Structures are given as structure tokens and as C-alpha cells.
1. For segment 103-119, what are the residues that are touching a Leu at 6+ places or on another chain (Cβ under 9 Å) and over 16 Å from Val66 (Cβ atoms)?
2. Could you please give the count of residues in segment 112-136 that are open to solvent by 40 Å² or more (accessible area, probe 1.4 Å) and in contact (Cβ under 8 Å) with a residue 24 or more places away in the chain?
3. Could you list, in sequence order, the residues of segment 1-34 that are within 12 Å of the ligand (Cβ to nearest atom), among the basic types (Lys, Arg) and either under 20 Å from Val62 (Cβ atoms) or assigned to a strand (DSSP E or B) (or both)?
4. From the list Val66, Val41, which one is within 13 Å of the ligand (Cβ to nearest atom), part of a loop (DSSP other than H, G, I, E, B) and surrounded by 21 or more Cβ atoms within 10 Å (Cβ to Cβ)?
5. Taking segment 89-125 on its own, how many of its residues are within 15 Å of the ligand (Cβ to nearest atom) and in a helix (DSSP H, G or I)?
6. From the list Glu88, Glu56, which residue is surrounded by 17 or more Cβ atoms within 10 Å (Cβ to Cβ), among the acidic types (Asp, Glu), over 13 Å from the mean Cα position of the chain (by Cα) and within 19 Å of Leu163 (Cα to Cα)?
7. Report yes if Leu50 is among the aliphatic types (A, V, I, L, M) and not in a helix (DSSP H, G or I), otherwise no.
8. What residue, of Arg6, Arg54, is farther than 24 Å from Ala140 by Cα, without any contact (Cβ under 8 Å) to a residue 40 or more places away in the chain and of a type in the set (D, E, K, R)?
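The values are calculated or read from the model by the stated rules, or taken from the named source; none is laboratory data. Here the structure is a predicted model, which means the values were calculated and not measured. Cβ sites come from the backbone with ideal geometry, for glycine too, and all protein chains shown count toward neighbours. Note: accessible area is taken over every heavy atom of the protein model, side chains too, but ligands, DNA and RNA are not part of it. Shrake-Rupley method; radii C 1.70, N 1.55, O 1.52, S 1.80 Å.
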Amino acid sequence: MIIGSRAAERARDVAAEIGHGVEGADNAETARRSDVVIVAVPWEGHAKTLESLREELAGKLVVDCVNPLGFDKKGAYALKPEEGSAAEQAAALLPDSRVAAAFHHLSAVLLKDTSIEEIDTDVMVLGEERADVEIVQALAGRIAGMRGVFAGRLRNAHQVESLVANLISVNRRYKAHAGLRVTDI
Ligand SMILES: NC(=O)c1ccc[n+]([C@@H]2O[C@H](COP(=O)([O-])OP(=O)(O)OC[C@H]3O[C@@H](n4cnc5c(N)ncnc54)[C@H](OP(=O)(O)O)[C@@H]3O)[C@@H](O)[C@H]2O)c1
């Protein structure tokens, strides 16, 4: 696994902290050397980052987990991207890549906590191609407690991205790192 950054040195420092053979590189090298690339940058940098990596990401499976959110004194709220969602913006900017979307609701705090053995949540996976969705579901399934669930095509990504604003409200009220479960499947 390779962690990308705008600054290779920053990525290498974080990779060394994580260990387990994780490498660090700049974003372009990370994209070039990977088959599956998870995009986890703030919404403000989303379009610019993808545009700059169009060539390196050609032919790759790009998994977008970006939530376009605004914040004001009332809390978090969902923004409405022109393309419909961050995932659809990625698909528009990366015509030669396969774009899927997932991991929007996953807490970075829980992921980073090495004392936690299981993360009790489902991961909604959106995509156009069944084979790509299955790759992302398998990725989610590698984390104990987690399950990847197909949740529709990219045109329905907006609701999934937006739901994070609701989860942030939940987290603030209940002092939690809330996840989601889809029942009866
Ligand atoms: N945090 C969570 O729990 C969580 C969960 C699910 C989804 N997400 C989504 O994942 C994305 C990243 O969230 P985060 O909490 O990891 O945010 P973050 O820590 O602010 O950003 C992640 C990394 O993106 C790079 N970055 C920052 N500004 C950038 C810009 N303008 N252009 C390009 N790269 C930039 C930075 O790396 P370098 O400076 O090293 O390049 C930074 O370390 C967000 O869209 C968020 O909605 C977050």
C-alpha cells in the first residue's frame, strides 16, 4: 500500500509511522504505481487534485470518499456540487478511469485507533460496474466488523455523501463515532 501526498516527504513520514510495509510517495507516483486509488482529500481540493492526476489515473479504479460539506455556526451541511456529487465530478474529470465511491461514513478516528479490533459499520459502495463494486466491497471486508454493501450507481452518490452531515450531528449530540448498518441483507 502507498500513501500519497502533495509532498512525498510528508507521505513517507506518515508511512513510516504506520509501518507494516506501507510506503509513501507524492500523489502522481502513488497513482502511477497503484491499481486501486482511494481519493481522500478535502472537497475544496478535489477537482484540482483529480485534474492534475488524470494521466496517472487512466485505467485505474478510483474510489472516491469525499463528502462535499460546508460548516457554519449551526454545524455541518451538505453542499450541492454542479455535477451532482463528488463521485460524479470525479467521473467527469477522469474519463479514462473507472470511478466508484465508498467509505464516506467511516471514522478516521476509529481507523487510526490500533486498540480497536473491530469497526461495527457497513460501507455503502456505489459504482457503475459490478466487478469494480466487488473489488471495493472486498476491500471494506478486509477490516474486521466492516461489510461493503452495494448502494447504487454514481447518480445516487449525493445522498450518501450528504448523509455525513447528519452523522456529524449524531456524533456531536451523542459524543460518538457513529456508523451505519443496512438491515435485512
Ligand atoms: N476524516 C474522516 O473521518 C473521513 C471519513 C470519510 C470520508 N472523509 C472524506 O475524506 C476527505 C479527507 O478528509 P480528512 O479528514 O482526511 O481531511 P484532511 O486531513 O484535511 O485531508 C487529507 C489530506 O488531503 C491533503 N490535502 C489537504 N488539502 C488539500 C487540497 N486543497 N488539495 C489537495 N490535497 C489536499 C492533505 O495531504 P497533503 O498535504 O500531504 O497533500 C491532507 O493530509 C474529505 O473529503 C472527507 O469528507 C473523511
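1. Residues satisfying the conditions are Ile116, Ile119.
2. First, the residues of segment 112-136 that are open to solvent by 40 Å² or more (accessible area, probe 1.4 Å): 112-118, 120, 124, 128-131, 134-135.
Now narrow it down to the ones that are in contact (Cβ under 8 Å) with a residue 24 or more places away in the chain: 117-118, 120, 124, 128-129, 135.
Qualifying residue count for the region: 7.
3. Pass one, segment 1-34, residues within 12 Å of the ligand (Cβ to nearest atom): 3-15, 24-28, 30.
Add one more test, that the residue is among the basic types (Lys, Arg), and what stays is 6, 10, 12.
Result: Arg6, single match.
4. Working: Val41 fails: surrounded by 21 or more Cβ atoms within 10 Å (Cβ to Cβ).
Answer to the check: Val66.
5. Residues in segment 89-125 being within 15 Å of the ligand (Cβ to nearest atom) and in a helix (DSSP H, G or I): 8 in total.
6. None of the other options fit; the residue is Glu88.
7. No.
8. Unique residue meeting the criteria: Arg6.
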